[in-house]
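Below: the structure, in structure tokens.
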Amino acid sequence: MSRTYVGMPAFPRAAARAVDDAVLRANLRRATHTIRDRRAAAVAELADWAQLRTAAAAIKDRTLRHLDHYLLRLEENVTRAGGTVHWAADADEANRIVTRLVRDTGEREVVKVKSMTTQETGLNAALEEAGIRAYETDLAELVVQLGDDLPSHLLVPAIHRNRAEIRELFRDRMGAWGRPAPEGLTDRPAELAEAARLHLREKFLRAKVAVSGANFMVAETGTLVVVESEGNGRMCLTLPETLISVVGIEKTVPAWRDLEVFLQLLPRSSTAERMNPYTTMWTGTTDGDGPSAFHLVLLDNGRSDALADVTGRQTLRCIRCSACLNVCPVYERAGGHAYGSPYPGPIGAVLTPQLRGTASPLEQSLPFASSLCGACYEVCPVAIDIPEVLLHLRERVVEGGEATVRGVRTVVRPARRRALEGAAARAAGLVLDHPAALRRAQRLLYRTRGLHPRRLPGPGRAWSAARDLPPVPEESFRDWWARTRGDGAGRGGTA
Amino acid sequence: MRVALFVTCVNDTLYPATGRAVVTLLERLGVRVEFPAAQSCCGQPLFNSGHRRPTEPLVRRYTEVFAGYDHVVTPSASCAAMVREQYPRIAARAGDGGALAAAVAEVAARTRELTEFLVDVLGVTDVGARFPRTVAYHPTCHGLRALGLGDRPRRLLEQVDGLRLREPAGAQECCGFGGTFAVKNAAVSAAMGTDKARALVATGADVVCAVDNSCLAHLGGILARRGSRVRPLHLAEILASRDGSGA
Ligand code: SF4
């Protein structure tokens, strides 16, 4: 049974569990620190990185502004090249389309290229319900599938597993999915890779249908692009008779030449490579070469809602490189699963509440899953100001306001349980806006110095559980100033 | 040159020594600093928690209180970043025909974090301080990434007589404070702070210094709870020190 994200707890609770898992934290720390240092080195090699980044953001912004136009061009050109385009408003519709397309071929199994979009729609579970088996062919994705697990990283979905754990999974589970692992398998990376290779080769050679996503779609030619490292993608995209690609509408770029920018940014940001090993591009179908049937399923699933939001829409520039995950101190400690979606880390914290809306506790908690340290924004190759979007979404959760939900302009109500916090915030705002009141509050604090407990009650407990409180001084700065310098120089406004 | 001190509510209430140190330091450098008593909080705790509306009056107050000064100096990178980065965004949504936005544009550009004021405006790095201790400098996120303070704090510290400067491993990583993050995601925040505290202790420093007392309250609290003798101290207090006691 494929696991899903339904009913995941709010971020703080899931994150707290992960913090206590020493093996998980060690795995994540090792993996993210290695890739983060390598990325920094790969990026430092390019003198024009900043310009590339600006160009990428500009290309994406222009495309998004005219997305309706570019999508129609894309459809036109894919169709002209022999492909068929399907439009899916949401995850269910996309899954229904793919299920029907697979059924029409008469096949009962498909091979899959690693795809975030089909994780987002929960395609594997939908296919399974229809009696169709989906085989993941990306190494890490295979590890996740064998372990009946959920991905925890955009690029390395099994980043939470170490080699010893993977060896055990291969030994115990591979047989149930096809060719078993070789006898006496050790946890040497080369042996693990060989076991996966043998296991998967059987699938590649047998499969008649493949399902993929895409990194880019070129509107002017109708070309799709998949960027990968292992070659499993190339196998899936070329060997089967039918290819079905499920792609988010924001993956469009206007012209072929735009790829020049993104194909430099993506590998350096994600795997710290100058160039990724396999870049597969295809345009519709070609007689006697590759799949003879090609279907493109264009997925909205909340993207138009995000696009309607002036501050939030920059999120749709994302090229899923995972650089923001690898530098994120919160992700490193909370792990990917705490984000409750296939999109973990900083990008997940801003993308998920926009795609799914902010009606339930998990989505409401995600914008707060950040210390706003800004490391994500610094490394993002398409310059998404993630802290800005986080603050924007916090406001939506706390104060409500206008948002587009499933295509309808709606006034979102403040989240439940935030009403009390809202009242407290207004009270705090009132005190802070009246320095005389602030002064009274300060003096009360100092007068009661001797009475303060070392550990705080109520919400303060979360602070004092791990930290001593700073000593309370005898007088405020403003009282010291008034005592030693008189009221001098108080200008502009009244106390 | 008219210079106002924006001390910030945290320093005003819990770290008055930092405010006094800024006054001592600036006066020693020949700057007469004024303290407009009508100042309050920059609004960051509210705004970062999603409460934009109650923040707006504090933005307006700030622009009124600090109008007319050549420079507004503050010993908090994070409050300076709030004013320079977030005030324009908040003002843009005030719905008052751009009045607040214009006022913000005026005053935000003249708001400077202490080390910016010292290095960029006064053009000094040797402020005549003496502090014969081993000090680890922690570059806070807002100073590092939002304001781009770069090596200004380091250049100032390097000139302090007797001071031995240490760089902790993973210096650029967040300490885990993050305002209400420390309470809303307490487990992750404490884990981040604990790792940071370990890195600081490993430098062998007696003092951890930063340009934000809020981060230092978090780090100092964790260090103290762990029984460490590393003590937190704001950069201003080191720069104001002449006898090594920390202002
Ligand atoms: S938000 Fe930016 S850094 Fe993060 S995955 Fe997307 S493109 Fe990469």
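The values are calculated or read from the model by the stated rules, or taken from the named source; none is laboratory data. This one's a predicted model, so the numbers in the text were calculated from it and none came from an experiment. Neighbour counts are summed over all protein chains in view; Cβ atoms, including those assigned to glycine, are modelled from backbone coordinates with ideal geometry.
Return a yes/no flag: does the range B:109-123 have any residue that is within 12 Å of chain A (Cβ to nearest Cβ) and within 14 Å of the chain's Cα centre (by Cα). No, every residue in the range B:109-123 fails to be within 12 Å of chain A (Cβ to nearest Cβ) and within 14 Å of the chain's Cα centre (by Cα). Which of the residues spanning the range A:269-299 are among the charged types (D, E, K, R) and more than 16 Å from the ligand (Cβ to nearest atom)? Matches in the range A:269-299: A:274, A:287, A:289. Would you confirm whether any residue within the range A:408-429 is under 20 Å from the mean Cα position of the chain (by Cα), more than 16 Å from the ligand (Cβ to nearest atom) and not assigned by TED's automatic domain parsing to the domain that holds residue A:259? There is no residue in the range A:408-429 that is under 20 Å from the mean Cα position of the chain (by Cα), more than 16 Å from the ligand (Cβ to nearest atom) and not assigned by TED's automatic domain parsing to the domain that holds residue A:259. Quick one: in the range B:124-167, which of the residues that are over 21 Å from residue A:378 (Cα atoms) and touching a Ser or Thr at 6+ places or on another chain (Cβ under 6 Å) is nearest to the other protein chains (Cβ to nearest Cβ)? The extreme case among them is B:136. Within the range A:217-268, if we keep just the residues that are among the acidic types (Asp, Glu) and more than 21 Å from residue A:55 (Cα to Cα), the residue that is farthest from the ligand (Cβ to nearest atom) turns out to be A:241. Within the range B:128-182, the set of residues being β-branched (Val, Ile, Thr) and farther than 19 Å from residue B:84 by Cα comprises B:134, B:135, B:160, B:180. The set of residues from the range B:178-213 being closer than 16 Å to residue B:142 by Cβ, surrounded by 24 or more Cβ atoms within 10 Å (Cβ to Cβ) and modelled with pLDDT under 95 comprises B:178, B:181, B:182. Do we have any residue at all in the range A:151-163 that's surrounded by 15 or more Cβ atoms within 10 Å (Cβ to Cβ), over 30 Å from residue A:295 (Cα atoms) and within 16 Å of the ligand (Cβ to nearest atom)? Checked against the condition, which is being surrounded by 15 or more Cβ atoms within 10 Å (Cβ to Cβ), over 30 Å from residue A:295 (Cα atoms) and within 16 Å of the ligand (Cβ to nearest atom), the range A:151-163 yields at least one hit. Is it the case, given these coordinates, that residue A:443 is part of a helix (DSSP H, G or I) and touching a residue at least 40 places away in the same chain (Cβ under 8 Å)? Criteria not met by residue A:443.
Among residues of the range B:1-25 that are at pLDDT below 95, those with a beta-carbon under 6 Å from a residue that is of a type in the set (Asp, Glu) at least six positions away or on a different chain give the pairs B:1/B:70.
Among the residues of the range A:349-388, write down those that are more than 11 Å from every other protein chain (Cβ to nearest Cβ), assigned to a helix (DSSP H, G or I), within 16 Å of the ligand (Cβ to nearest atom) and more than 21 Å from residue B:179 (Cα to Cα). Selection gives A:351, A:352, A:353, A:354, A:355. Of note, residue A:204 satisfies the criterion of being farther than 23 Å from residue A:325 by Cβ, surrounded by 15 or more Cβ atoms within 10 Å (Cβ to Cβ) and touching a Cys at 6+ places or on another chain (Cβ under 8 Å). Looking only at residues of the range A:300-340 that are under 29 Å from residue A:55 (Cβ atoms) and of a type in the set (Val, Ile, Thr), we find that the one that is farthest from the ligand (Cβ to nearest atom) is A:310. The sole residue among B:215, B:174 that is in contact (Cβ under 8 Å) with a residue 60 or more places away in the chain, under 20 Å from residue A:327 (Cβ atoms) and within 12 Å of another protein chain (Cβ to nearest Cβ) is B:215. Of all the listed residues (A:478, A:461, A:426), the sole one being modelled with pLDDT of 85 or more and either at the interface with chain B (Cβ under 8 Å from one of its Cβ atoms) or assigned to a helix (DSSP H, G or I) (or both) is A:478. Scanning the range A:432-453 for residues that are touching a helix residue (DSSP H, G or I) at 6+ places or on another chain (Cβ under 7 Å), surrounded by fewer than 17 Cβ atoms within 10 Å (Cβ to Cβ) and either more than 9 Å from chain B (Cβ to nearest Cβ) or among the charged types (D, E, K, R) (or both) returns a single hit, A:437.
Considering every residue within the range B:79-90, establish whether at least one is at the interface with chain A (Cβ under 9 Å from one of its Cβ atoms), among the charged types (D, E, K, R) and farther than 28 Å from residue A:368 by Cα. No, the conditions are met nowhere in the range B:79-90. Going by what's in this entry, would residue B:66 be described as at the interface with chain A (Cβ under 9 Å from one of its Cβ atoms) and surrounded by 24 or more Cβ atoms within 10 Å (Cβ to Cβ)? When the stated conditions are applied, residue B:66 passes them. Across the range A:146-175, the qualifying residues are those that are without any contact (Cβ under 8 Å) to a residue 24 or more places away in the chain and not in a loop (DSSP other than H, G, I, E, B), and the one among them that is farthest from residue A:95 (Cα to Cα) is A:164.
The sole residue among A:143, A:111 that is away from the ligand (no atom under 16 Å from the Cβ), buried (at least 17 other Cβ atoms within 10 Å of the Cβ), among the hydrophobic types (A, V, I, L, M, F, W, C) and assigned to a helix (DSSP H, G or I) is A:143. For the criterion of being out of contact with any Lys or Arg (no Cβ under 9 Å at 6 or more places or on another chain), within 9 Å of chain A (Cβ to nearest Cβ) and not β-branched (Val, Ile, Thr), residue B:179 passes.
Taken over the range B:19-42, residues that are of a type in the set (S, T, N, Q) and more than 17 Å from residue A:483 (Cβ to Cβ) amount to 2.
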